[in-house]
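Step one of this worksheet: look at the structure below.
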Amino acid sequence: GATAPVGRLDLDTGCKSGGVLTDATLVLVDTTDRLSPLEFDRARTSIERAAMQVPVGGKLTVVMIDPVQPLSPKVLFSRCSPGRTDETSGLTQGQRKTADKYSQQYWQPLADAIASLKTAADSKTSPILLTLTAMTTRPDFDARVRNRRLIVAGDMVEHHNGLSHYQPQRDLWSE
């Protein structure tokens, strides 16, 4: 993102620069199979619900699996919440200004990101576990972030490089 002095807001993410986030929610959407209308509605509802629960200054990141580069999923949205009007004081912050900021800088870009899920292409692989592993190394979602929340929107069926839930696996528990 754009660099700013410590404590200032990063123009790309809306997060305070410097320091470590205290709250982060990451939503991983499995779009390796085209989403049906019902699956899209469920993903949208889950993402919107998560967005509403992110506290002021907390970060919401929505990514989708990149079957070609599973360790680098495609980031659709990654911003800190500027706060809803019900989270701010009418004495110190203008309610209208807060509502406009929330809509323009957070909610509308999120709605655009959600809409892009409809156009995701099918893939022959589904590297969910690899992508989940990569998520734990993101600087905005690693162990330094005190309150982390992970939401997976998908079927959790792995199909990638020798590990496939579509094919019988050898019994790893027998001798």
Along Cα→Cβ, 7 Å out, is where each label goes; now give me the distance between the ones at Q108 and E48 in nm to one decimal. 1.8 nm
Once amide hydrogens are built 1.01 Å from N within the peptide plane, the residues lying 5 or more places from L76 or on another chain with amide H under 5 Å from its amide H are V62, V63, M64
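Suppose R0 equals 25 Å. What FRET efficiency, 1/(1 + (r/R0)^6) with r the Cβ-Cβ distance, do R8 and R149 give to the nearest 0.05?
0.45
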For a quick size check, give me the Cα extents of the range 17-63 along its three principal axes, largest first, whole Å. 40, 20, 11
Just the C-alpha atoms of the range 39-88: what Rg/Rh do they give, with Rh taken as the Kirkwood radius? 1.07
Mind giving me the nanometre distance, one decimal, between the label points for K74 and K16, set 7 Å out from Cα along Cα→Cβ? 3.4 nm
Compute the length gained on full extension between A99 and R34: take 0.36 nm times their separation in residues and subtract their Cα-Cα distance, giving the result in nm to one decimal. 20.0 nm
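A short reminder: the numbers here are calculations on the coordinates, not readings from a lab. These numbers were taken from a predicted model, which means no experiment stands behind them. We place every Cβ from the backbone using ideal geometry, glycine too, and count neighbours over all the protein chains shown.
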